[in-house]
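Written below as structure tokens is the structure these notes are about.
The values are calculated or read from the model by the stated rules, or taken from the named source; none is laboratory data. Note that this is a predicted model, so its numbers are computed, not measured. Please note: Cβ atoms are built from the backbone with ideal geometry, for glycine as well, and neighbour counts cover all protein chains shown. Just the protein is used for accessible areas: all its heavy atoms, side chains included, with ligands, DNA and RNA removed. Shrake-Rupley method; radii C 1.70, N 1.55, O 1.52, S 1.80 Å.
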Amino acid sequence: MNETLSSVPIRKEWDIVGARQTGRNWAKDLGFGSVDQARIATAISELARNIYLYAKVGEINFERLDSVPSIGLKITARDQGPGIKEVSKVMKDGYSTSGGLGAGLPGVKRLMDEFDIESTDAGTVVTVIKWTRI
Amino acid sequence: MRIPILKLHDYLLVSIQVELDDQSAMEFQEDLLKKIHNSGATGVVIDLTSVEVIDSFIAKVLGDVVSMADLMGAKVVFTGVQPAVSMTLIELGIYLKEVPTALDLEQGLIKLRQELEEK
Ligand SMILES: Nc1ncnc2c1ncn2[C@@H]1O[C@H](COP(=O)(O)OP(=O)(O)O)[C@@H](O)[C@H]1O
Ligand SMILES: [Mg+2]
């Protein structure tokens, strides 16, 4: 069962902070511990910044997944930007087109339990899920 | 929102109490370098106790602060990094190897004094 929790638009730089605070609050509500809260907030920060930097606008969606025995927080980062040309390259550590540390997307994958990326020239959708520990 | 930078003898003390967005992180970097230059400080303690998220951007800014301060002759020590934050940084793939850290402000000042005496 999926339940939509909220959606945060990303349009300006401060929305990156807003999105990760919203995500942390949902994580807290769903019963995630402090380390998972930090993992989730950090992953959101990376995804929201990518939207802001590379697609300008987009949104981050939060959903609750009710499964047995754990609860999931599903986060979808969606934009209609230019897309990522070579997704497989981007998923290798150390790759960055922006002079960053290149830990972004591969790092997000490590921080979360499930990771999926779909990118075309019509936009990018990154979906990640974290499950509560039982 | 500017982050206050305090001066204590030859040291500068900073406690980051606000949620760091990209803009304030960059402003902080600039303010701190100016203050090092104007005060001739030889050491800086940056307390991160209240910081709950360090993502790749903020990590880069903080790492750059250390290298830039070093060029200007000032040593930087970070204190109070939360366990959840340090675990997350490593999983993200960021290793701030060159950066000295200490448990709290007091330990940070002791560490600074040691580092400076070694020179
Ligand atoms: N939402 C997006 N839209 C378009 N391109 C993107 C998006 N997200 C990431 N990218 C591209 O993938 C590259 C790698 O992203 P990332 O792993 O976050 O590292 P960084 O942001 O440090 O470059 C970026 O440099 C950018 O070229
Ligand atoms: Mg990025």
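Has region B:3-10 got any residue that is in contact with a Lys or Arg (Cβ under 6 Å, 6 or more places away or on another chain), away from every other protein chain (no Cβ under 13 Å) and farther than 28 Å from residue A:94 by Cα? Among the residues of region B:3-10, at least one is in contact with a Lys or Arg (Cβ under 6 Å, 6 or more places away or on another chain), away from every other protein chain (no Cβ under 13 Å) and farther than 28 Å from residue A:94 by Cα, which makes the answer yes. Given (1) buried (at least 23 other Cβ atoms within 10 Å of the Cβ); (2) within 9 Å of ligand 1 (Cβ to nearest atom), identify the lone condition not met by residue A:95. The single condition residue A:95 does not satisfy is (1).
Within region A:63-72, being surrounded by 15 or more Cβ atoms within 10 Å (Cβ to Cβ) and among the hydroxyl-bearing types (Ser, Thr, Tyr) holds for one residue alone: A:70.
For (1) more than 14 Å from the chain's Cα centre (by Cα); (2) away from ligand 2 (no atom under 16 Å from the Cβ), each residue gets a yes or a no:
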{"residue": "A:66", "(1), (2)": "yes, yes"}
{"residue": "A:83", "(1), (2)": "yes, no"}
{"residue": "A:89", "(1), (2)": "yes, no"}
{"residue": "A:121", "(1), (2)": "yes, yes"}
{"residue": "A:124", "(1), (2)": "no, no"}
{"residue": "A:134", "(1), (2)": "yes, yes"}
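Select, from A:44, A:60, A:16, the only residue that is modelled with pLDDT of 95 or more, surrounded by 22 or more Cβ atoms within 10 Å (Cβ to Cβ) and more than 12 Å from every other protein chain (Cβ to nearest Cβ). On inspection, the qualifying residue turns out to be A:60. Listed by position, the strands (runs of 3 or more DSSP E) inside region A:1-115 whose residues that are of a type in the set (Lys, Arg) and touching a residue at least 40 places away in the same chain (Cβ under 8 Å) number at least 1 are A:58-66, A:71-79. Beta carbons closer than 7 Å, at least 6 apart along the sequence or on distinct chains, pair a first residue in region B:4-16 that is over 13 Å from residue B:33 (Cα atoms) with a second that is in a strand (DSSP E or B) and of a type in the set (D, E, K, R) for B:15/B:47; B:16/B:47. Of the residues making up region A:19-36, those that are open to solvent by less than 20 Å² (accessible area, probe 1.4 Å) and at the interface with another protein chain (Cβ under 9 Å from one of its Cβ atoms) are A:20, A:36. Looking only at residues in region B:86-100 that are among the charged types (D, E, K, R) and more than 8 Å from chain A (Cβ to nearest Cβ), which one is nearest to residue B:56 (Cα to Cα)? Only one residue fits best here, namely B:97. From the list A:22, A:4, pick out the single residue that is closer than 21 Å to residue A:107 by Cβ, in contact with a strand residue (DSSP E or B) (Cβ under 6 Å, 6 or more places away or on another chain) and away from ligand 2 (no atom under 14 Å from the Cβ). The unique qualifying residue is A:22.
Looking only at region A:33-57, how many residues end up being at negative phi and either within 14 Å of ligand 1 (Cβ to nearest atom) or β-branched (Val, Ile, Thr) (or both)? Adding up the residues that qualify gives 17.
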